[in-house]
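First up is the structure itself, then whatever we jot down about it.
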Amino acid sequence: MIGNRITHRTADGVRIPGTWRHVFIRNGGHYFLTDLFIFADGLIDCWGLVTVEEFEEKLRTGWVATSFPEGGEASAHDLAEWKFSEPRSWRTPELLVAEVRDTIDRLNRRPDSTGRCLAAVDAFLADQTEENRAVARAAFMAIPASRRRYALGDMDRKDAPLRVLVAGPGGQTYIPADPPVTQEVYDDALAYFEERARWRAERPTRVPADGPVTPHAPAVQLYHSYPNKPVDDPGKLGLRNDYPAPITVGEVIYPSVAHAYWALSVAQPEVRAEIATAETSYAARKIAAETPRREGWEHARTAVMTSLLRAKYDQHPELAEILLATDDATVIYDDAESAFWGDNAGHGRNWTGRLLELVRSELHARRAGISGL
């Protein structure tokens, strides 16, 4: 499976997605536990890039090992070394290459053997002839044995309904221990697939109990700017931390959130007063940059910024309306001076954007009369 094991390589300036899995490579009689990299263009890195056909040859010669001798010496680079004792392997060369071929299909978003099987099953269910059943059974058996149990994605029933369906009444499944399929068991399998089809048809319209996963409103980009005076209709500019919207914190009035943030960041009280009266947010930042931060500031700064943003939108209802008008959009905040606070073309952490979304949610909750614990 690909799962979260995502990697890539670059060829001729093109990024080629890939994934990896563990294998043993036998070199000079020694077995090395290493990573097998599989790429969407069909190349496989097993200590050198090879095609699928060349990979099969590596398996045939034992360069990529799927069986291990008693007492064979093995190691994982820079980690450990050991000798095999009563070794058992769950992969044959044929099974491993079949899994690799499936992985290449998934990397290319093509149906793999499981996808092809389920398509054949759908064809059989639409026209239940023995000919179509034979096609579905062949497609099912073409799934690598290690993956058949997960073909339906049902961790409770596993592949039981599928193997019964393709065997048919009176037939025998691929598992020798299974009894011959009775009509009752077969009817249960048909009912399972009818319910599965109904669930699949409804799935695109289902909304999670807790609401949509992704926002429905277009993302909002707050480009870096240096606004130096308030305007009658600031629009999204009013959502910038350096927009001149004075906020009161304690007994001090700051010209903007940025002024307040930089003033609170410095250790020296006299410098805080200087920052609070700086002509612009840029000047406030410059003064702060030349002064030591308060101890523990890097751990407290997101909490401080959250409080300042709450103060801004509580004290400026007209700006709160602008923030609320962004609905549930992702807020992308640019900050040329900070990759922590800004998104910066995807290279930053976008903490300001995230906190604006938090404060917006709090404003929505307040308007809806929803209170937390």
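The values are calculated or read from the model by the stated rules, or taken from the named source; none is laboratory data. Just so you know, these numbers come straight off a predicted model, no measurement behind them. When we count neighbours, we look across all protein chains shown, and the Cβ atoms used for this are built from the backbone with ideal geometry, even at glycine.
Things to note:
- Taking the criterion of being without any contact (Cβ under 8 Å) to a residue 24 or more places away in the chain and either outside any helix (DSSP H, G or I) or of a type in the set (A, V, I, L, M, F, W, C) (or both), the residues of the stretch 299-314 that qualify are Ala300, Ala303.
Condition check ((1) under 23 Å from Arg109 (Cα atoms); (2) surrounded by 13 or more Cβ atoms within 10 Å (Cβ to Cβ); (3) more than 24 Å from the chain's Cα centre (by Cα)) across all residues:
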| residue | (1), (2), (3) |
| --- | --- |
| Asn4 | yes, no, no |
| Val14 | yes, no, no |
| His22 | yes, no, no |
| Gly28 | no, no, yes |
| Phe32 | no, yes, yes |
| Gly48 | no, no, yes |
| Thr61 | no, no, yes |
| Gly72 | no, yes, yes |
| Trp82 | no, no, yes |
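- Single residue of Asn344, Asn350 found to be at positive phi, touching a Gly at 6+ places or on another chain (Cβ under 8 Å) and of a type outside the set (A, V, I, L, M): Asn350
- Matching residues in the stretch 84-120 - criterion: being among the charged types (D, E, K, R) and surrounded by 14 or more Cβ atoms within 10 Å (Cβ to Cβ): Arg91, Glu99, Arg101, Asp102, Asp105, Arg106, Asp112, Arg116
- Comparison of Ala273, Ala284, Ala289 shows that the only residue that is within 13 Å of Asp242 (Cβ to Cβ) and either of a type in the set (A, V, I, L, M, F, W, C) or surrounded by fewer than 16 Cβ atoms within 10 Å (Cβ to Cβ) (or both) is Ala284.
- Looking at Gly346, Gly342, just one residue is in a loop (DSSP other than H, G, I, E, B) and either without any contact (Cβ under 8 Å) to a residue 60 or more places away in the chain or not assigned by TED's automatic domain parsing to the domain that holds Thr248 (or both), and that residue is Gly346.
- From the list Thr182, Thr214, the one residue that fits, being surrounded by 10 or more Cβ atoms within 10 Å (Cβ to Cβ) and either outside the structural domain of Ala119 (by TED's automatic domain parsing) or polar (S, T, N, Q) (or both), is Thr182.
- Among all residues of the stretch 315-337, there is none that is free of Cβ contacts under 8 Å to residues at least 60 places away in the same chain and among the polar types (S, T, N, Q).
- Residue in the stretch 223-240 that is nearest to the chain's Cα centre (by Cα), counting only those that are of a type in the set (A, V, I, L, M, F, W, C) and surrounded by 12 or more Cβ atoms within 10 Å (Cβ to Cβ): Leu239
- Considering residues of the stretch 34-46 that are β-branched (Val, Ile, Thr) and over 22 Å from the mean Cα position of the chain (by Cα) only, the residue farthest from Arg109 (Cα to Cα): Thr34
- Residues that are modelled with pLDDT under 95 and either closer than 19 Å to Pro215 by Cβ or surrounded by fewer than 18 Cβ atoms within 10 Å (Cβ to Cβ) (or both), drawn from the stretch 344-359: Ala345, Gly346, His347
- Subset tally (residues that are basic (Lys, Arg) and out of contact with any helix residue (DSSP H, G or I) (no Cβ under 9 Å at 6 or more places or on another chain)) for the stretch 84-128: 2
- Some residue of the stretch 360-371 being touching a helix residue (DSSP H, G or I) at 6+ places or on another chain (Cβ under 6 Å), surrounded by 14 or more Cβ atoms within 10 Å (Cβ to Cβ), charged (D, E, K, R) and within 27 Å of His216 (Cα to Cα): yes
- Qualifying residue in the stretch 143-163 (condition: among the polar types (S, T, N, Q), over 30 Å from Arg9 (Cβ atoms) and not assigned by TED's automatic domain parsing to the domain that holds Leu59): no
- Members of the stretch 139-160 that are crowded, with 20+ Cβ neighbours inside 10 Å and not in a loop (DSSP other than H, G, I, E, B): Ala139, Phe140, Arg148
- Among the residues of the stretch 342-371, those identified as out of contact with any Phe, Trp or Tyr (no Cβ under 7 Å at 6 or more places or on another chain) and polar (S, T, N, Q) are Asn344, Ser361, Ser371.
- Where Leu373 falls short, out of the listed (1) of a type outside the set (Lys, Arg); (2) at pLDDT 95 or above; (3) not assigned by TED's automatic domain parsing to the domain that holds Ala260: (2)
- The criterion of at least 3 residues that are more than 24 Å from Ala145 (Cβ to Cβ), without any contact (Cβ under 8 Å) to a residue 12 or more places away in the chain and outside the structural domain of Gly153 (by TED's automatic domain parsing) is met by the following strands (runs of 3 or more DSSP E) wholly inside the stretch 1-109: 80-83.
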